[in-house]
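J.: Attaching a single structure in structure tokens format; questions to follow.
The values are calculated or read from the model by the stated rules, or taken from the named source; none is laboratory data. As the structure is a computational prediction, the values presented were derived from the model and not from experiment. Note: ideal-geometry Cβ built from the backbone for every residue, glycine included; neighbour counts use all protein chains shown.
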């Protein structure tokens, strides 16, 4: 009996020690880790827009972050958008689900602090009244060039085969897909994990909104020519050739990955939902902004 | 029982006499699965080296307070802790290396070689000896993985370290997992042969 108690005691102490070490390491590294993720995100955003180290973004290109919240207005639910204004301040615009303008409240927060989710939500809550229920939904980055809209970047998450798949989607002004990058996933290596390969994710490139709205997966083999176009870097194809192939297949459905139909359709449906909802919401937001004469930098 | 070998002998022992892959035949799953290129072998080798050294030192430091009946859980706990810590530190301070190595580091928790070395060596020896033994085992594993990776990359893809040296792909078969067993077997035979020749020469 005594023996068992010693064993239990020592194993518990060992576990506690291990936990302590891991916890300390987590606390010590979490800040640098977050920073790395942020830097990586910036890099992905720029590469989706077509910029790289060799071809850096000109100074006229600017990114404006729009945060979407769900707000409880009495019994009803409404959408709230935290928007940057032209004079550098922030404003929280609430729109009801039917698309009607509800209220506009100025929010006092510095641009650096607006990036932190906790502080941002607090500032918004203080501005609209703390008693209203408030929940952060998602963010959109509006990219402008010389004050004109150039593209939208949508970070998003949708359920995959195993856990959530995190993706970053770049849309053109007319909501056709400019590029897709899979940020995080835990799909099976060799099967579902192929979603982050060029020959899958590049299939989304160039698809216009009308095609995306009814996008499905199809289980026929990928045509060889299309494969070459998707992995242009590997086969050394010229830009004209790639554009031609992309245009030829742009109205096709997504060719599913072998042995990973669920992962393929999860990504396809996730992207479809993201684009559809975004196009709908942005139209409403733009209309409200124009009606209320709210001056945003985009 | 303390070892009478010097630190250098311990390191050489890990690389040659008790090479984890060719002599101890431990951790064959990762060896066969990952050793498709020299670079992969090197990455996994580095990761194993660090985890082995840290775990060996920890266990040898605490060997007197570890209850004999919960040895294995304690070893696993130690390895898991170090793997987690190394994983977090890499992600925080070497993000570029982490992008390439991250997947290998997480695999190590289940490696037989590390547990075996803790059981066979670190729980009986001094911290100093365990440190050098860990270095030797890590280097031995790295050497084995890189040797396998070299053969498989050259014969399977026609490249070495990603550079095209042959200009064609001789046998794609060598990149596939089951070819790993052939390579391990053939290289094991080669090492045994070298040992026999060496012993004969010594006797004569």
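J.: Hand me the list of helices (runs of 4 or more DSSP H) wholly inside segment B:77-174 holding 1 or more residues that are at pLDDT below 85 and touching a strand residue (DSSP E or B) at 6+ places or on another chain (Cβ under 9 Å). Quick ask: steps written out before the conclusion?
T.: Values: elements: B:95-107, B:112-117, B:127-157.
Those helices (runs of 4 or more DSSP H) span B:127-157.
J.: Which one of A:31, A:43, A:2 is within 22 Å of the chain's Cα centre (by Cα), exposed (fewer than 12 other Cβ atoms within 10 Å of the Cβ) and within 14 Å of chain B (Cβ to nearest Cβ)? Can you show your working first?
T.: Details: A:43 fails: exposed (fewer than 12 other Cβ atoms within 10 Å of the Cβ); A:2 fails: within 22 Å of the chain's Cα centre (by Cα).
Going through A:31, A:43, A:2 in turn, the sole match is A:31.
J.: Considering only segment A:100-133, how many residues are in contact (Cβ under 8 Å) with a residue 40 or more places away in the chain, touching a helix residue (DSSP H, G or I) at 6+ places or on another chain (Cβ under 8 Å) and crowded, with 18+ Cβ neighbours inside 10 Å?
T.: Residues flagged as in contact (Cβ under 8 Å) with a residue 40 or more places away in the chain, touching a helix residue (DSSP H, G or I) at 6+ places or on another chain (Cβ under 8 Å) and crowded, with 18+ Cβ neighbours inside 10 Å within segment A:100-133 amount to 2.
J.: Among the numbered conditions (1) surrounded by 18 or more Cβ atoms within 10 Å (Cβ to Cβ); (2) in a helix (DSSP H, G or I); (3) in contact with a helix residue (DSSP H, G or I) (Cβ under 8 Å, 6 or more places away or on another chain), tell me where residue A:234 comes up short.
T.: Every condition holds for residue A:234 apart from (1).
J.: Condition check: within 26 Å of the chain's Cα centre (by Cα), within 14 Å of chain B (Cβ to nearest Cβ), under 30 Å from residue A:177 (Cβ atoms) and assigned to a loop (DSSP other than H, G, I, E, B). Does residue A:57 satisfy that?
T.: Details: within 26 Å of the chain's Cα centre (by Cα): yes; within 14 Å of chain B (Cβ to nearest Cβ): no; under 30 Å from residue A:177 (Cβ atoms): yes; assigned to a loop (DSSP other than H, G, I, E, B): yes.
When the stated conditions are applied, residue A:57 does not pass them.
J.: Please enumerate the residues belonging to segment B:41-65 that are buried (at least 19 other Cβ atoms within 10 Å of the Cβ) and facing another protein chain (nearest Cβ under 10 Å).
T.: B:58
J.: What are the residues in segment B:67-79 that are more than 7 Å from every other protein chain (Cβ to nearest Cβ) and touching a helix residue (DSSP H, G or I) at 6+ places or on another chain (Cβ under 6 Å), if any?
T.: Taking segment B:67-79 first, the residues more than 7 Å from every other protein chain (Cβ to nearest Cβ) are B:68, B:71-72, B:75-76, B:78-79.
Once the filter is applied, which keeps residues that are more than 7 Å from every other protein chain (Cβ to nearest Cβ) and touching a helix residue (DSSP H, G or I) at 6+ places or on another chain (Cβ under 6 Å), segment B:67-79 yields B:75, B:78, B:79.
J.: Restricting attention to segment A:203-225, and to residues there that are in a helix (DSSP H, G or I) and in contact with a strand residue (DSSP E or B) (Cβ under 8 Å, 6 or more places away or on another chain), which single residue is surrounded by the most Cβ atoms within 10 Å (Cβ to Cβ)?
T.: Within segment A:203-225, the subset in a helix (DSSP H, G or I) is A:203-204, A:209-213, A:224-225.
Applying the additional criterion that residues be in contact with a strand residue (DSSP E or B) (Cβ under 8 Å, 6 or more places away or on another chain) yields A:203-204, A:212.
Working: A:203: 28, A:204: 22, A:212: 21.
In this case the residue turns out to be A:203.
J.: Scan segment A:176-187 for residues that are surrounded by 20 or more Cβ atoms within 10 Å (Cβ to Cβ) and assigned to a loop (DSSP other than H, G, I, E, B) and jot them down.
T.: A:185, A:187
J.: Of the conditions (1) crowded, with 17+ Cβ neighbours inside 10 Å; (2) in contact (Cβ under 8 Å) with a residue 24 or more places away in the chain; (3) out of contact with any helix residue (DSSP H, G or I) (no Cβ under 6 Å at 6 or more places or on another chain), residue B:162 clears all except one; give me its number.
T.: Answer for residue B:162: the failing condition is (1).
J.: Right, another one. Given the options A:71, A:44, name the one that is within 30 Å of residue A:127 (Cβ to Cβ) and touching a residue at least 60 places away in the same chain (Cβ under 8 Å). Write out each step before concluding.
T.: Working: A:44 fails: within 30 Å of residue A:127 (Cβ to Cβ).
A:71 is the lone residue from the list that is within 30 Å of residue A:127 (Cβ to Cβ) and touching a residue at least 60 places away in the same chain (Cβ under 8 Å).
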